[in-house]
Every structure is written in C-alpha cells, then in structure tokens.
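The values are calculated or read from the model by the stated rules, or taken from the named source; none is laboratory data. Just so it is clear, the model here is predicted, and its values are computed rather than measured. To get the accessible areas, we keep the full protein, side chains included, count just its heavy atoms, and leave off ligands, DNA and RNA. Shrake-Rupley method; radii C 1.70, N 1.55, O 1.52, S 1.80 Å.
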Amino acid sequence: MDRIIPVVVFKQVEERTKVLNALKKNNINCAEICFRTDCAEEAIKLAAREFPDMNIGAGTVINKAQAVKAIKAGAKFIVSPGLSEEVAKCCKKKGVPYYPGVITPTEIMKALELGLTVVKFFPSNVFGGLKAMKALSAPFPQVKFIPTGGVDSTNIDEYLEWDKIYAVGGSSFVKESLEKCQE
C-alpha cells in the first residue's frame, strides 16, 4: 500500500487525467476517488483502465451497493467515513481491502471483530490527531491507522514516523500536486 492516499473528488469525469497525472508526477501512485458524486463510478472505471499501475480505490463508500459498484468499476481498495459491517463483509468476500473510519474504542473493537486491523482515523484533526491515535493504540496494539483530515505537507513526516501509521490520507495532496505541476 502507498503511504500517501490522496482523497479525490471529481465533479466531472474529465478531471481525472489532469489530477492523476499530477499525482504521478509528484511520486504519488495512489488515489482514493470519493463515491459522493454522480461521476465517481465512471471515474474509477476509467482511472483503473487508464492508470493500471496506480492504486485506485473508492472512498466515501457508505453501503454495500456502492461497494459492489466501486469494486466492479475496478477499485483496488474501499474506504468509508465510518464502519459498515455490510461493506466489510462485501469487501472480504471480494478480496478487496476495506479501511473503515473509526474514532472510538467501540468502533475499533467492532473493526477487529470483523477481522480489520487497518482503520481510517477520521476526521483526525477534529478528534485529537496523533495524540489520540497513540492513546488508542495502547489497548489496541495490533491496529494501524490511516489518519485523514488535517494531514498535509506541514505535518506528514510527524505522522509517518510513528510505526502505527499505515498511511496518511487527505485532499491536500491533490491540491499540492496540482500546484507543483503549474510551477
């Protein structure tokens, strides 16, 4: 898995080429395409076909129907803002990694019951960031986190230095990559 997971929202499917090329030029080989716009499914399908060397996933997947569509479109991983048991079971059946959003010990325990040890910590900046994840890791040493929300180039190193960070996610990586390509 890539250590940086840019969170991408496409309002139009045509945006994908510019954004994904900018990410690749900045040595980011991954994109979490949010499943919250009408063109998300098509964007995933085209991105997976046109950028086969990139790790294209689907984010903001909140139910089984969306998970099925995203996987059928070619998503290599699924991310949710919260934990969905039906999405977890669907992904397990299809052999696709699932990273549910969690904040509380109860949510982490539910993820563990479902066999999930990598979880999205969202929104990280609102719920205590690295300090909160370190506190949560004491009772859950087997868990690795993907903090999303408030992670950017100013604090990425601090996050990635901790061994319980699986990857970091955020929309800032898209914006920064696009800006660098315009310089």
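Solvent-accessible area per residue in the chain equals 49 Å², computed with a 1.4 angstrom probe and all protein chains kept.
Taking amide H positions as modeled 1.01 Å from N, with prolines and chain starts lacking one, the residues under 5 Å from Gly101 and 5 or more places away or on another chain are Ser80, Gly82, Leu83, Lys120. Candidate cross-link partners of Lys69 among the aspartates and glutamates, defined by an alpha-carbon separation under 15 Å and a same-chain spacing of 8 or more, comprise Glu32, Asp38, Glu41, Glu42, Glu86.
Quick one: which of Lys64/Lys120; Lys64/Lys164; Lys45/Lys89 span more than 20 angstrom between C-alpha atoms? Write out the running numbers ahead of the final one.
Working: Lys64/Lys120 18 Å; Lys64/Lys164 28 Å; Lys45/Lys89 22 Å.
Violating the 20 Å limit, Cα to Cα: Lys64/Lys164; Lys45/Lys89.
Once C-alpha pairs closer than 8 Å and six or more residues apart are averaged by separation and normalised to the residue number of the chain, the relative contact order reads 21 percent. Eigen-decomposition of the gyration tensor built on the alpha-carbon atoms of the stretch 1-82 gives equivalent ellipsoid semi-axes of 18, 13, 11 angstrom, largest listed first.
Roughly how compact is the chain, stated as its Cα Rg over 2.2 N^0.38 Å to two decimals? Spell out each step's value before the answer.
Values: Rg = 15.5 Å, N = 183, 2.2 N^0.38 = 15.9 Å.
Cα Rg divided by the expected 2.2 N^0.38 Å: 0.98.
Once you reduce the stretch 122-159 and the stretch 8-71 to the center of their Cα atoms, the two points are 24 Å from each other.
Take every pair of alpha-carbon atoms less than 8 Å apart whose residues are at least six positions apart; their mean separation over the length of the stretch 8-102 yields a relative contact order of 22 percent. Rounded if a/c is under 1.5, else prolate if a/b is larger than b/c, else oblate: which is the stretch 98-183, with a ≥ b ≥ c the root eigenvalues of its Cα gyration tensor? Note, shape of the stretch 98-183 comes out prolate.
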